[in-house]
Every structure is written in structure tokens, then in C-alpha cells.
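Engineer: Take a look at the following structure, please.
The values are calculated or read from the model by the stated rules, or taken from the named source; none is laboratory data. Predicted, not measured: the structure shown is a model, and the values here were computed from it. Note: ideal-geometry Cβ built from the backbone for every residue, glycine included; neighbour counts use all protein chains shown. Note: areas computed on protein heavy atoms with side chains; ligands, DNA, RNA excluded. Shrake-Rupley method; radii C 1.70, N 1.55, O 1.52, S 1.80 Å.
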Amino acid sequence: PVVTDGSAVQPGAAVVRKARGAKVVLVGTGSEVALCLDAADALQAKGIPATVVSMPSWDRFARQPAAYRRSVLPRGVPVVSVEAATTFGWERHADASVGIDRFGASAPGSVALDKLGINVSNVVATARRLVNGKGSR
């Protein structure tokens with residue numbers, strides 16, 4: 001599903017949905033942004049407000065003024081990256097990552113992604129561990 005208006009492309013990252021009193025920020029690229037939005041809904045139902053960010057370009061984001069970068073990824077709020085590929089590189093921005101750091105699986109796309117943990121329940125579990133101080137990189 002299309003869940004962004006493309007405004008994150010120029011600055012490299014932008015908030016897609018801001019949660020008041022966010023306890024965690026979920027960051028995705030491309031199709032993972034929709035997954036982050038679904039995970040944010042599930043976290044909200046558990047009383048954990050989550051902001052969702054689309055980050056299509058680390059390089060462009062890095063060139064933004066510090067104040068802008070902090071407005072997207074506020075200090076003191078843990079960040080979970082969600083990438084249907086390697087977690088390599090996300091340590092620059094995320095405290096925990098959901099991704100695939102091994103060879104994939106052979107199956108239809110949605111089945112393979114679910115089997116590899118690129119799903120709402122894993123993102124929610126990762127965010128909850130981070131918010132509760134029990135997991136980070």
C-alpha cells in the first residue's frame with residue numbers, strides 16, 4: 001500500500017505519523033513503512049505510542065541540519081529500524097533493528113517475510129523490549 005506522499009525523499013527522512021508522547025520511533029523504507037504503521041497501531045493498543053518515520057536515504061538525512069534530524073529522531077526516544085534486507089548500517093540511526101542478516105527463504109513473498117520475522121508481531125516485540133530497557137543493539 002502507498003502510505004506516504006513522497007515528502008521524505010528530498011530530506012532523506014520524514015515523519016509519516018507523529019505520536020503524542022511517543023515511547024518509540026519505528027523507521028522503515030519503502031514497503032516497510034506500511035508495516036511500521038501497522039505495528040504502531042498494535043503498539044498504541046498496548047498503550048505504547050509510536051511515531052513512524054520513512055527514511056529512504058541515510059545520506060540525504062545526514063546532510064540535514066541537526067535540528068531537523070532531532071525533530072525526526074528525537075533524543076531519548078528509542079528507535080527500531082525495519083528493513084526487509086540486512087540490518088547493516090542501521091546502527092547509525094537505530095537502537096534495535098528488525099531485518100534479515102542471513103540468506104532468505106524460498107516461498108511467496110509474504111510467506112517468506114513472515115517466516116523471517118518481517119511482520120507486525122516481531123516489530124511490536126522488538127519495540128516493547130526496547131521500551132522496557134531489555135534490548136538494544
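Engineer: Hey, could you check the range 54-93 for residues that are among the charged types (D, E, K, R) and assigned to a loop (DSSP other than H, G, I, E, B) and say which is most open to solvent (accessible area, probe 1.4 Å)?
Structural biologist: Applying the filter and picking the extreme gives Arg75.
Engineer: Does Gly21 qualify as being surrounded by fewer than 14 Cβ atoms within 10 Å (Cβ to Cβ), at pLDDT 95 or above and of a type in the set (Gly, Ala, Ser)?
Structural biologist: Yes: the conditions hold for Gly21.
Engineer: Of (1) open to solvent by less than 50 Å² (accessible area, probe 1.4 Å); (2) over 19 Å from Ala96 (Cα atoms), Leu43 satisfies all except one. Which?
Structural biologist: Among (1) open to solvent by less than 50 Å² (accessible area, probe 1.4 Å); (2) over 19 Å from Ala96 (Cα atoms), Leu43 violates only (2).
Engineer: Only residues that are touching a residue at least 40 places away in the same chain (Cβ under 8 Å) and touching a strand residue (DSSP E or B) at 6+ places or on another chain (Cβ under 7 Å): list them for the range 4-22, please.
Structural biologist: Residues satisfying the conditions are Thr4, Ala8, Ala13, Ala14, Val15, Ala22.
Engineer: If you don't mind, another one. Looking at (1) open to solvent by less than 40 Å² (accessible area, probe 1.4 Å); (2) among the aliphatic types (A, V, I, L, M); (3) within 21 Å of Pro56 (Cα to Cα), which is the one condition that is false for Leu113?
Structural biologist: It fails just one condition, (1).
Engineer: For residues in the range 94-104 being among the hydrophobic types (A, V, I, L, M, F, W, C), open to solvent by less than 50 Å² (accessible area, probe 1.4 Å) and outside any strand (DSSP E or B), which is farthest from Met55 (Cα to Cα)?
Structural biologist: Per the criteria, the residue is Ile100.
Engineer: Additional query: Of everything in the range 31-40 that's in contact (Cβ under 8 Å) with a residue 40 or more places away in the chain and surrounded by fewer than 20 Cβ atoms within 10 Å (Cβ to Cβ), which residue is nearest to Val2 (Cα to Cα)?
Structural biologist: If we take residues in the range 31-40 being in contact (Cβ under 8 Å) with a residue 40 or more places away in the chain and surrounded by fewer than 20 Cβ atoms within 10 Å (Cβ to Cβ), then Ser31 is nearest to Val2 (Cα to Cα).
Engineer: Among what's in the range 116-127 and is without any contact (Cβ under 8 Å) to a residue 60 or more places away in the chain and in a loop (DSSP other than H, G, I, E, B), pick the residue that is least open to solvent (accessible area, probe 1.4 Å).
Structural biologist: Among those residues, the one meeting the criterion is Gly117.
Engineer: Identify, by number, the condition in (1) exposed (fewer than 14 other Cβ atoms within 10 Å of the Cβ); (2) among the aliphatic types (A, V, I, L, M); (3) touching a strand residue (DSSP E or B) at 6+ places or on another chain (Cβ under 7 Å) that Ala107 doesn't meet.
Structural biologist: If we test Ala107 against (1) exposed (fewer than 14 other Cβ atoms within 10 Å of the Cβ); (2) among the aliphatic types (A, V, I, L, M); (3) touching a strand residue (DSSP E or B) at 6+ places or on another chain (Cβ under 7 Å), just (3) comes out false.
Engineer: Does Leu130 satisfy being farther than 25 Å from Val9 by Cβ and open to solvent by less than 10 Å² (accessible area, probe 1.4 Å)?
Structural biologist: Spelling it out, it is not the case that Leu130 is farther than 25 Å from Val9 by Cβ and open to solvent by less than 10 Å² (accessible area, probe 1.4 Å).
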